[in-house]
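Take a look at the structure set out below.
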Amino acid sequence: MELINGNEIATAIVAELKEEVSQLKGESPCITFIRVGEDPASVSYVNKKNKIAAEIGMIPKLELLPLDVSQADLFAKIDALNADPSVHGILIQAPLPSHIDEVETFRRVSPQKDVDGFHTENIGKICQEDETGFVACTPAGIMELLSRSSVPLNGKHVVVLGRSLIVGKPVALLAMQKQSWANATVTVCHSRTADLPSITKQADVLIAAIGKPEFVTKGMVKPGAVIIDVGINRVEDSSRKSGYRLVGDVNFAEVSPIASQITPVPGGVGPMTVAMLMKNTLKAFKLAQN
């Protein structure tokens, strides 16, 4: 079994982006984060993204709005950033308060600045294999992990466990593209799939993004399969100071001995998401120059 080290691959991507940004003349890529409220997880995520953007040589900015901000005021802020030519990428940190329509908020961001890849237009561009679009960061990171770990998808059976708009649907669309790094046969499973193990056991590459801790067990996996674990779940653990531990959607102890390659949690897909956000921001900057 070979461990796919997302930390190492993400660090390499950040170094590549830093080198490319250092060669730019004049203006630097700018990403603006919009955070609503003081949710501790959101604060932590934005701080991490901010730090990596600065490390690369980009200009990170933060727009902090109160938890009770109206949807109209939030949209006005997004509109102002859309109109600002010095801002190349906009990221709205989820989750948003319940009184804000999350889908409409993501759609409000200009497709040309949608470095999160959630806008309807950018999702449509994946279907059309239009490379001017932005791919959501986690699916893009999964494809990068597979490519840099020398996992060929051509002619392989990829099974995606989960159908979310953030991971499942876009990663399925990417894996089936007519590209040298794709060309897979893709099956998408979910919570309503009948006889799930019979399908997951067919996978040459299994991408688990169902949001249930340690859901995928040894009996659901074909020996020699490549396992990409997208899940990040907190489970109680009284032996730890924090009171919990992080686990994926795959039972690592059971599955890793029979997998050919597998991502750990943490340290697998997670670090790639931030790296691909920065890659999208540089892409947005370049497209804005044309």
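Any residue at all in segment 132-143 that is of a type outside the set (Lys, Arg), out of contact with any Cys (no Cβ under 8 Å at 6 or more places or on another chain) and over 25 Å from Ile207 (Cα atoms)? Yes.
Answer with yes or no whether Asn50 is in a helix (DSSP H, G or I) and either more than 19 Å from the chain's Cα centre (by Cα) or more than 30 Å from Lys18 (Cα to Cα) (or both). It is false that Asn50 is in a helix (DSSP H, G or I) and either more than 19 Å from the chain's Cα centre (by Cα) or more than 30 Å from Lys18 (Cα to Cα) (or both). I want to confirm something. Restricting to segment 89-126 and keeping residues that are under 17 Å from Val36 (Cα atoms) and of a type in the set (Gly, Ala, Ser), which single residue is modelled with the lowest pLDDT? Here the residue is Ala94. Among the residues of segment 20-68, those that are hydrophobic (A, V, I, L, M, F, W, C), over 19 Å from Lys286 (Cβ atoms), out of contact with any Lys or Arg (no Cβ under 8 Å at 6 or more places or on another chain) and surrounded by fewer than 17 Cβ atoms within 10 Å (Cβ to Cβ) comprise Ala41, Ala54, Leu67.
Within segment 211-238, the residues that satisfy the criterion of being under 19 Å from the mean Cα position of the chain (by Cα), over 12 Å from Val158 (Cβ atoms) and buried (at least 23 other Cβ atoms within 10 Å of the Cβ) are Asp229, Val230, Gly231. Within segment 115-144, the set of residues being farther than 12 Å from Ala275 by Cα and β-branched (Val, Ile, Thr) comprises Thr120, Ile123, Ile126, Thr132, Val135. I need the full set of residues from segment 140-160 which are surrounded by fewer than 22 Cβ atoms within 10 Å (Cβ to Cβ) and part of a loop (DSSP other than H, G, I, E, B), in order please. Within segment 140-160, Ser149, Ser150, Val151, Pro152, Asn154, Gly155, Lys156 qualify.
Being in contact (Cβ under 8 Å) with a residue 60 or more places away in the chain and either in contact with a strand residue (DSSP E or B) (Cβ under 7 Å, 6 or more places away or on another chain) or under 27 Å from Val115 (Cβ atoms) (or both): is that true of Ile228 here?
Details: in contact (Cβ under 8 Å) with a residue 60 or more places away in the chain: yes; either in contact with a strand residue (DSSP E or B) (Cβ under 7 Å, 6 or more places away or on another chain) or under 27 Å from Val115 (Cβ atoms) (or both): yes.
Criteria met by Ile228.
Looking only at residues of segment 80-139 that are assigned to a helix (DSSP H, G or I) and of a type in the set (Gly, Ala, Ser), we find that the one that is nearest to the chain's Cα centre (by Cα) is Gly124.
The values are calculated or read from the model by the stated rules, or taken from the named source; none is laboratory data. All values derive from a computational prediction rather than experimental measurement. Glycine also receives a Cβ, built like all others from the backbone with ideal geometry; neighbour counts cover every protein chain displayed.
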